[in-house]
Amino acid sequence: MSALLEMKGIVKRFNDTAVLRKVDFSVEAGEVHALMGENGAGKSTLIKILTGIYPKDGGEIFWNGQKVEINNRNDAFRLGISVIYQELSLIPTLTVMQNVMLGREETRAGIINAKTMRKRVKDLISKYGFGIKPDATVETLTIAQRQTVEILKALSEESKMIIMDEPTASLSTKESDALFKIVEQLRDDGVSVIYISHRLEEVYRLSDRLTVLRDGVREAVLTKEQIIPADVVRLMIGKELSESTASQNLRKSDAPVRLKVENLTRKGIFKNISFEVHEGEIIGVAGLVGAGRTEVMRCIYGADPYDSGKIEFEGEALPRRIVANIKKGFGFVPEDRRNQGFTPLLSIEKNVALTNYDTLASGGIVKAKKERKLGNEMVERLNIKPNNSQIPVGNLSGGNQQKAVLAKWLSRDLKILIIDEPTAGIDIGAKDEIYRILEELAANGTSVIMVSSDLQELLRVSQRIIVMRKGEIFTEFSDGRVTQEDILMAESGILTKEGQEHE
Amino acid sequence: MRQENMRRIISVASLVIIMLIFGLTSDSFFTADNILNILRDCAVYGIIAIGVTFVIITAGIDLSTGAIVGVTGMLCANLLYYYNLSAGLIVLISILTGTICGMLNGFIVVKLRVPEFIATLSTQYLFRSMVFVFTIREMGVITNKRIENPAILLLGGRINGIYLVTMAFVLLAVIGQIILKKTKFGTYIYAAGANRKSAELSGINTDKVRWAAFIITGFLCGIAALFQIGRVGSVTTDLGNGWEFDVIAAVVIGGCAFSGGRGDVFGSTVGAIFMAVLQNGILKYNLPTAAQLVVKGIVIVLMIVFDAVYNNMMQKRIQQKAREEDAAEMAGGEA
């Protein structure tokens, strides 16, 4: 078989950091090719180069043996490459048919020929056995159905290659099964599928070949027979890691329980979540995108409602109001730092003050001197750079922005800090500082719940690790030695509930 | 049932309800003459509302429509008085002036990337100032001259009892609805408003689409101005003052959402009739002016609040439904 796509020696740098270092990647016609690697391994960068979103800094791309230049999305589109985006890109108020045919409507004398368009879409739907109606408005469909509409759109454009990036992240088991059937059908029709997923069981089930990336280098290309989940995990993590970050001794805490969550359930999002957090303990929450980690945290903090279950804080039922919870000593550092963590146009001082006006203001009037003093204190204490509390937080580097967000909460008498992906997009030096801050915080008695997708980070900082999978707590590592492989296998679905590997 | 149909039923139902209220409490409401008057009164706003519907579906707004009517009407009056141009030329110039104003709005929004609200707020001042440039003056004093051109005055007249402006409104609304629902351009209007980025990824030039919506609005303002001066027979400097808000209210009552992607010309037509019925019905009670305005204000606030509450409710219901389906499948899939 000849390769439909060949990418040779692809190089990409951001500033001075090489993200892709001479990566080779090839996909044959009519194969499902999985692309795997940890966060930051370079998967999305490679795909973005293939679809013309990023220019490449080196290497060549061949399509059907011809050298091609892909400079923008249209170039990729013309070759027949479609992407099913993680954030869905449909027009919510238009119908399935209108969305599928958008930009390629058939008209007669200027009037849209709905009949022939509907027939085309209907034919495609019945050919693939999708259970959707061409005249349904997209906003009334479930996420899974919307994804099918995107696939329909790609099919109607006669794509030769469909790229799916974590397609099952927000799908139920049944919906995922339906998607797998679609993928298999696509393959049988000669369409190539590049399948990006952290869920090893899916990859194991679906893919004809598998490429593993690690730190911007192609680590291995495996054929179906060669795919052994435990090996893939080892390839993704790498071998030459020092013992201290590869595994960790966990320890249970004897301190009193501060937060107790019992059978917390939000229909369709997560269910039966139960865990305890002790005083001065750092508990890590692992899981893949879509496992429901962020949703549980938002719910505990009081930002989202839940349907059943209990949340107790120091023995009492926790109020459902964010303001009350902040008074009780809660802090919350969200995953989406830029949009939810801080106010970019306001200075560090003002951002810190936002969570402190209960003490910084009286009768609605701000005590400017106190405000300034607190701002300066926090800049000093967290070593925020530049060392000036008057600078807008939007102008700081990622690491310093995160410190400014932490400053909002550390300036208070904190009993519990919920922090979601603490170091996403932050350079290594600043990462260490943030870990140190979290450790100091715990040493002084604050409980920390840290959601993270970074295995090294989870092992380095947490004393216990909860692993979530598909809206439930899958397992908890609470004592003894745990390795990155253990966590990865637990979150990605290789391990069954009994702790056995799939056959 | 599709949300669109549901919303349609509600807006028609609220129109029927207020008509019944006025009809049952006043003898002079359900008379042929009064109904024809309502259909005349709603038509001028309605014609503009067709264009504003396009703009609001693209998630835009146009605050300059009243001022476009003002400047267009005044320019026509000026040319009729000083140059005695023929009716044909006046019609052409009026439509052209409105269209040019719309082009300018679109240019500022699309090419200069000024948000619609600010852009059309500022052009409103510009167009309003132009009204004073074209005002007819005698010895330096602004004078209001009657329009003598019989063909122009005919535009305010009627055939078989039905006002010409009503006919024009119906015709333009039908054309507008067909463009919106049956042409590529119409689909692109929705796409540009509901998810602009995605529309662009599908190869749609959303800049062109949004610009066109402004041009259509300007064009329709030119037509509206002609009928208005034909009806009144003269032009004052406050022609069109505040109309933009009556038009926007009509469009929103008719089911367009400021967030874009929702609504249609049929709905806006219902909204325009609603506004005219409200205005007309209140007059029948012989209330003091202040009370009339208060009643009108309260009804509009209620309608708009209802619209927002309804939209939020539907949005929640859709999400709830999707979540429950997910929950059901989650449970089913693991059993």
Residue selected from region B:189-230 under the condition open to solvent by less than 30 Å² (accessible area, probe 1.4 Å) and in contact with a Lys or Arg (Cβ under 7 Å, 6 or more places away or on another chain), by the criterion farthest from the other protein chains (Cβ to nearest Cβ): B:Thr206
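Conditions (1) within 20 Å of A:Gly190 (Cα to Cα); (2) at pLDDT below 95; (3) not basic (Lys, Arg), marked per residue:
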residue	(1), (2), (3)
A:Glu6	yes, yes, yes
A:Lys12	no, yes, no
A:Val23	no, yes, yes
A:Ala29	yes, yes, yes
A:Lys48	no, yes, no
Some residue of region A:141-151 being within 13 Å of chain B (Cβ to nearest Cβ), aliphatic (A, V, I, L, M) and assigned to a loop (DSSP other than H, G, I, E, B): yes
Residues of region B:252-266 that turn out to be in a helix (DSSP H, G or I) and modelled with pLDDT under 95, as a count: 2
B:Ile175 vs. criteria free of Cβ contacts under 8 Å to residues at least 12 places away in the same chain and either surrounded by 14 or more Cβ atoms within 10 Å (Cβ to Cβ) or of a type in the set (A, V, I, L, M, F, W, C) (or both): yes
Residue ID - farthest from A:Lys153 (Cα to Cα), chosen from residues in region A:63-89 that are facing chain B (nearest Cβ under 10 Å) and of a type in the set (S, T, N, Q): A:Asn74
Residue satisfying condition, being more than 14 Å from chain A (Cβ to nearest Cβ), within 30 Å of B:Phe134 (Cα to Cα) and surrounded by fewer than 24 Cβ atoms within 10 Å (Cβ to Cβ), within set B:Leu20, B:Leu63, B:Leu24: B:Leu63
Which listed residue is surrounded by fewer than 22 Cβ atoms within 10 Å (Cβ to Cβ), of a type in the set (Lys, Arg) and within 27 Å of A:Ile10 (Cα to Cα), from A:Arg214, A:Arg205: A:Arg214
Some residue of region A:256-264 being touching a His at 6+ places or on another chain (Cβ under 6 Å), surrounded by fewer than 18 Cβ atoms within 10 Å (Cβ to Cβ), modelled with pLDDT of 85 or more and not in a helix (DSSP H, G or I): yes
Of all residues in region A:60-82 being over 21 Å from A:Gly190 (Cβ atoms) and touching a helix residue (DSSP H, G or I) at 6+ places or on another chain (Cβ under 8 Å), the one that is surrounded by the fewest Cβ atoms within 10 Å (Cβ to Cβ): A:Glu69
Residues of region A:155-210 that turn out to be under 21 Å from A:Glu295 (Cα atoms) and of a type in the set (Phe, Trp, Tyr), as a count: 0
Residue within region A:93-106 that is open to solvent by 10 Å² or more (accessible area, probe 1.4 Å), in contact with a Leu (Cβ under 8 Å, 6 or more places away or on another chain) and touching a residue at least 24 places away in the same chain (Cβ under 8 Å) present: no
Number of the exception - A:Ala154 against (1) within 13 Å of another protein chain (Cβ to nearest Cβ); (2) closer than 24 Å to B:Ile318 by Cα; (3) assigned to a helix (DSSP H, G or I): (2)
Enumerated strands (runs of 3 or more DSSP E) restricted to region A:9-72, each holding at least 2 residues that are closer than 21 Å to A:Ala220 by Cβ and touching a residue at least 60 places away in the same chain (Cβ under 8 Å): A:17-28, A:32-36
Filter pass, A:Gly129 being of a type outside the set (A, V, I, L, M, F, W, C) and open to solvent by 40 Å² or more (accessible area, probe 1.4 Å): yes
Residues of region A:90-140 classified as under 22 Å from B:Leu180 (Cα atoms) and either at the interface with another protein chain (Cβ under 7 Å from one of its Cβ atoms) or acidic (Asp, Glu) (or both), total: 18
Selected residue (only one of B:Gly240, B:Gly186, B:Gly254 is touching a Gly at 6+ places or on another chain (Cβ under 7 Å) and either within 14 Å of chain A (Cβ to nearest Cβ) or closer than 30 Å to B:Ser86 by Cβ (or both)): B:Gly240
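The values are calculated or read from the model by the stated rules, or taken from the named source; none is laboratory data. Predicted model, so just to flag it, every value in this text is computed and none were measured. FYI the Cβ positions are ideal-geometry reconstructions off the backbone, even for glycines, and counts take in every protein chain you see. Remember, those area values only see protein heavy atoms, side chains included, never the ligands or the DNA or RNA. Shrake-Rupley method; radii C 1.70, N 1.55, O 1.52, S 1.80 Å.
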